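Beneath this line is the structure, given in structure tokens, with notes to follow.
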Amino acid sequence: MFIHSCSSCEKRQLIFPSQVEGVAGTDSTLSFSFTCWCGAPQTHETGRADVRPVAVAG
Ligand SMILES: [Zn+2]
């Protein structure tokens, strides 16, 4: 769940995981594709630093 500023309706909307249609990523970023509440297709990029790292026990 994240907040996205839509490029179509220009509103800041809360996007739920159920809206996300696809996830793409590189080593440093994640890109979510979804449909805004207004119906416009959107993508949202976030840094992986935003994702809480998982501690790996040695
Ligand atoms: Zn929108």
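Observations on the model:
- Quarter of the Cα convex hull surface for segment 2-49, i.e. its orientation-mean projected area (nm²): 3.2 nm²
- For segment 2-49, averaging the sequence separation of C-alpha pairs within contact (under 8 Å, six or more residues apart) and dividing by the residue count gives a relative contact order of 29 percent.
- Of the peptides 16-22, 3-9, the order by per-residue mean of other Cβ atoms within 10 Å, starting with the highest, comes out as 3-9, 16-22.
Any read-out appearing in this document is the output of simple, stated calculations on the displayed coordinates, not a laboratory observation. This one's a predicted model, so the numbers in the text were calculated from it and none came from an experiment. In this analysis, Cβ positions are derived from the backbone assuming ideal geometry, glycine residues included, and neighbour counts consider all displayed protein chains.
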